[in-house]
1. Go through 365-373, 155-163 and give me the packing order, highest mean Cβ count within 10 Å leading.
2. Find how many whole Å separate the alpha carbon centroid of the stretch 1-69 from the alpha carbon centroid of the stretch 104-161.
3. For the stretch 267-284, in order, what is each residue's ³J(HN,Hα) by Karplus, 6.51 cos²θ - 1.76 cosθ + 1.60 with θ = phi - 60°, in whole Hz (x at glycine and Pro)?
4. Helix 397-407 versus the longest principal axis of the chain: what angle, 0 to 90°, nearest 10, using Cα atoms?
5. In the chain, if the dipole is taken from +1 on Lys/Arg beta carbons and -1 on Asp/Glu beta carbons about the Cα centre, which of 282, 117, 58 is farthest to the positive end?
6. Of the residues 121, 86, 387, which exhibits the maximal mean-square fluctuation in a Gaussian network model of the chain defined by a 10 Å Cα contact cut-off?
7. I need to check one value: relative contact order of the stretch 183-385, counting alpha carbon pairs closer than 8 Å and at least 6 residues apart, in percent.
8. Taking the structure as given and computing Cα extents along the principal axes in Å, which label from (1) 64, 51, 38; (2) 90, 62, 45; (3) 149, 95, 54 fits?
Amino acid sequence: MSSTTNWAGNLTYGARRIARPASVDELREVIASARREGLRVRTLGSRHSFTPIADTEGVLVESAGLAGAIDILDDERDAAVRVAGGIRYGELASELHRRGYALATLASLPHISVAGAVATGTHGSGDRTGSLAAAVRAITLLTADGEHRRLARGEDGFDGAVISLGALGVVTQLELDVEPTYDVAQSVHEGPRWDALLAEFDAVTSLGTSVSIFSRWTDADIADQLWIKNRVGAEPADAELLARLGAAEASVARHPIFGAPAEACTEQFGRPGPWHARLPHFRLEFTPSAGEEIQSEYLVPRADAVAAIEAIRSLADRIAPLLLVTEIRTVAADRLWLSSSYDSDAVGIHFTWTRDEAAVRALLPDIEAALPASARPHWGKIFTLPGEEVRRRYPRWDDVAALRDRMDPERVFMNGFLEGLGL
């Protein structure tokens, strides 16, 4: 990965310079200096966004140097952890487990920064589990005037500040809900039939604590894999349902992308292990996914999920030649204004594409037209919906814009991507 490109290499940043502050005081001076020069500022986390959401022609601030201490806040009734925004989930998770704590969910990649994942509404999987942002109980931002602003759950503006797309300031600290550590077992089942999956979709996604359906769409009748992650002690996956799906447990370890080496993946075969070593699909020490790829994702309300999957299935012959894999998983509703699961349980339909961006962008309008009009694109993954249409799908959009006007009236933290959305 170049110092001027994103993780996948499909995006080259246009910043005049990249700053790497090692303290909040240094960060404050970076912002002040940019303002004196009339430059905008954006924050760069683990560079896993495939859109120019973090880009700017001004100053990019790398957050990795701001990954400070991990502080447990435990009043014996309701524990939380306070972390710097630049820390990666993989590093946070292993330290939490060492201290006897856990998060309720993790994304498929532990490589992503906490602040960046939260700001873009990134999620894991689970019928009863919200996105990573849903765990935030307080957020602290350094605003353009050099002041710290802390917003806690229940306070005015909090629901708009958590998934902020980086438009309000630089996130310096987050406080996250935690719980006692727990173990998870993961199993992979191959060859479930789409007709059976969709006929019992709600039952399928409740087979475990976290469930993912993977498909290359090379066969519109059969999905490739069903990954089931279950907390140890929870009800085991329904064997009769798995039989009705035609799904057989894999005899060898699998990677979500057909033919990729499974050594990069977390352990399977139902062997219990710590939550942070099973909930992600990939191990922290390996390059996640395929590396040479681009991604798109659309989240639809639970009620529209089967229709949305059927729409994708109807385009299988056009999708398959460009696709590495599709993943389908669920996310519980929240009240965060720019969340793709705002006010509705959601189902995410994720595409990992070959890195042929021109061909993918040519296909996406047809995918977007086929999906229900309720589908919301992931902020950090490629989509082609116009800004006006994206805004229409978020009922609190005007409230987000008003919050931005209050917290960043000079628009120091704006960029072309956000302006294109009409923020």
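Here, each number is a calculation from the coordinates, and none is a lab measurement. From a predicted model like this one, the values you see are computed outputs, not experimental measurements. No Cβ is skipped: glycine too gets one built from the backbone with ideal geometry, and neighbour counts run over all protein chains shown.
1. By packing density, highest mean first, the sequence is 155-163, 365-373.
2. So the two Cα centres are separated by 19 Å.
3. Those phi angles translate into 5, 10, 6, x, 7, x, x, x, 3, 6, 9, 10, 5, x, 7, 10, 7, 4 Hz.
4. The helix 397-407 is inclined about 30 degrees to the chain.
5. Farthest towards the positive pole: 58.
6. Between 121, 86, 387, it is 387 that shows the largest mean-square fluctuation.
7. 23
8. Among (1) 64, 51, 38; (2) 90, 62, 45; (3) 149, 95, 54, the one derived from this structure is (1).
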